[in-house]
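**Student:** Take a look at this one; I'll ask things after.
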Amino acid sequence: MKVLVAVKRVVDYNVKVRVKADGSDVDIANVKMSMNPFDEIAVEEAVRLKEAGKVSEIVVVSMGVKQCEETLRTALAMGADRAILVETDTELQPLAVAKLLKAVADKEQPQLVILGKQAIDDDANQTGQMTAALLGWSQGTFASKVDLAAETVDVIREIDGGLETVKLRLPAVVTADLRLNEPRFIKLPNIMAAKKKPLDKTSPTDLGVDAAPRLKTLKVAEPAKRSAGIKVANAAELVAKLKNEAKVL
Ligand code: AMP
């Protein structure tokens, strides 16, 4: 069984992003970029499925600038077999990524597509759902457990107030949530071996996809500054403040 995993290059989660002076966007010049954390979980899950003998090939795909190659090499070092870069300098929004992913899936014919539940830069949480809709496949989003069989996949989903188990007929789209697994630490020999694994390049034009943005960002602003906390001497003072100042009692 072939699995396709989508990996996005995003600003590293440790970086404190700043808004550009003109408020047009966040400034990502010279900041550390990494694989989206939920995509690491998606790759890890695919690798575990391969190690369990349920999957025969893992293809990873990334859409974006040339440097996404580094993200793909990381996924190859984690255990993916082959990579595809859909190279473009155009700003890609979730619908465009979903269309590109559908085009790649049409070519590759995987039985399972795994994505992260959300990219930590745009926080859109849309691409997996849109991809499933465009492909006309079942979807299991926010997965915290995946049990793959020959023709179906059982997905335990993290939902408000608990867990929901769904059985999907393959082919299907699954999006990875935080508790699905803990991605492995990549060893140096695997990084070296990943350099020799195949990485093919294509483009939105080659795939026949119009990837132009449909939404326009009007303004980006810093969140409001939080005022400093205070210490109270005792419970009575706390209750008085909650009553008279915060007016929450
Ligand atoms: P989003 O809908 O933007 O929050 O992204 C959800 C998931 O879609 C991510 O975790 C990735 O798995 C995938 N994805 C989004 N953008 C890209 C991209 N440019 N290249 C590859 N995968 C992407």
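The values are calculated or read from the model by the stated rules, or taken from the named source; none is laboratory data. Since the structure is predicted, the reported quantities are computational estimates derived from the model, not experimental observations. Here Cβ is always computed from backbone atoms with ideal geometry, including for glycine, and neighbour counts include all displayed protein chains.
Here is a yes/no grid of residues against (1) at pLDDT 95 or above; (2) closer than 16 Å to Gly116 by Cβ:
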{"residue": "Ala143", "(1), (2)": "yes, yes"}
{"residue": "Asp147", "(1), (2)": "yes, no"}
{"residue": "Val155", "(1), (2)": "yes, yes"}
{"residue": "Asp160", "(1), (2)": "no, no"}
{"residue": "Leu163", "(1), (2)": "yes, no"}
{"residue": "Leu168", "(1), (2)": "yes, no"}
{"residue": "Leu180", "(1), (2)": "yes, yes"}
{"residue": "Pro183", "(1), (2)": "yes, yes"}
{"residue": "Ile186", "(1), (2)": "yes, no"}
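**Student:** A further question follows. I need the strands (runs of 3 or more DSSP E) fully contained in the stretch 157-249, keeping only those with at least 1 residues that are surrounded by 10 or more Cβ atoms within 10 Å (Cβ to Cβ) and among the acidic types (Asp, Glu).
**Tutor:** Details: elements: 162-169, 172-176, 199-202.
Because the criterion is at least 1 residues that are surrounded by 10 or more Cβ atoms within 10 Å (Cβ to Cβ) and among the acidic types (Asp, Glu), the strands (runs of 3 or more DSSP E) in the stretch 157-249 that meet it are 162-169, 199-202.
**Student:** I've got another one for you. Could you list, in sequence order, the residues of the stretch 32-50 that are more than 25 Å from Ala149 (Cβ to Cβ) and more than 19 Å from the chain's Cα centre (by Cα)?
**Tutor:** none
**Student:** If you don't mind, another one. For the stretch 6-18, give me each residue that is closer than 20 Å to Leu215 by Cβ and at pLDDT below 95.
**Tutor:** Within the stretch 6-18, just Val17 meets the criteria.
**Student:** List, please: which pairs have Cβ atoms under 9 Å, are six or more places apart or on different chains, and start with a residue in the stretch 225-249 that is more than 30 Å from Arg18 (Cβ to Cβ) and end with one that is hydrophobic (A, V, I, L, M, F, W, C) and in a loop (DSSP other than H, G, I, E, B)?
**Tutor:** Leu238/Val232; Val239/Leu249; Ala240/Val232; Lys241/Ile230; Lys241/Val232; Leu242/Val248; Leu242/Leu249; Lys243/Leu249
**Student:** Regarding the stretch 63-82, can at least one residue be identified that is free of Cβ contacts under 8 Å to residues at least 24 places away in the same chain and more than 22 Å from Leu180 (Cα to Cα)?
**Tutor:** yes
**Student:** To continue, here is another question. In the stretch 24-76, what residues are among the small types (Gly, Ala, Ser) and near the ligand (Cβ under 9 Å from one of its atoms)?
**Tutor:** As a first pass, look at the stretch 24-76 and keep what is among the small types (Gly, Ala, Ser): 24, 29, 34, 42, 46, 52-53, 56, 62, 64, 75.
Residues satisfying the conditions are Ala42, Ser62, Gly64.
**Student:** Have a look at Lys99, Lys117, Lys107, Lys145 and point out the one that is within 14 Å of the ligand (Cβ to nearest atom) and out of contact with any Ser or Thr (no Cβ under 8 Å at 6 or more places or on another chain). So that I can check it myself, show each step before the final result.
**Tutor:** Values: Lys117 fails: out of contact with any Ser or Thr (no Cβ under 8 Å at 6 or more places or on another chain); Lys107 fails: within 14 Å of the ligand (Cβ to nearest atom); Lys145 fails: within 14 Å of the ligand (Cβ to nearest atom).
Residue meeting the stated conditions: Lys99.
**Student:** In addition: Do we find a residue being free of Cβ contacts under 8 Å to residues at least 24 places away in the same chain, outside any helix (DSSP H, G or I), in contact with a Gly (Cβ under 8 Å, 6 or more places away or on another chain) and crowded, with 24+ Cβ neighbours inside 10 Å anywhere in the stretch 134-156?
**Tutor:** yes
For (1) more than 19 Å from the chain's Cα centre (by Cα); (2) hydroxyl-bearing (Ser, Thr, Tyr); (3) closer than 30 Å to Lys16 by Cα, each residue gets a yes or a no:
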| residue | (1), (2), (3) |
| --- | --- |
| Leu112 | no, no, no |
| Leu115 | no, no, yes |
| Met130 | no, no, yes |
| Phe142 | no, no, yes |
| Val146 | no, no, no |
| Ala150 | yes, no, no |
| Asp210 | yes, no, no |
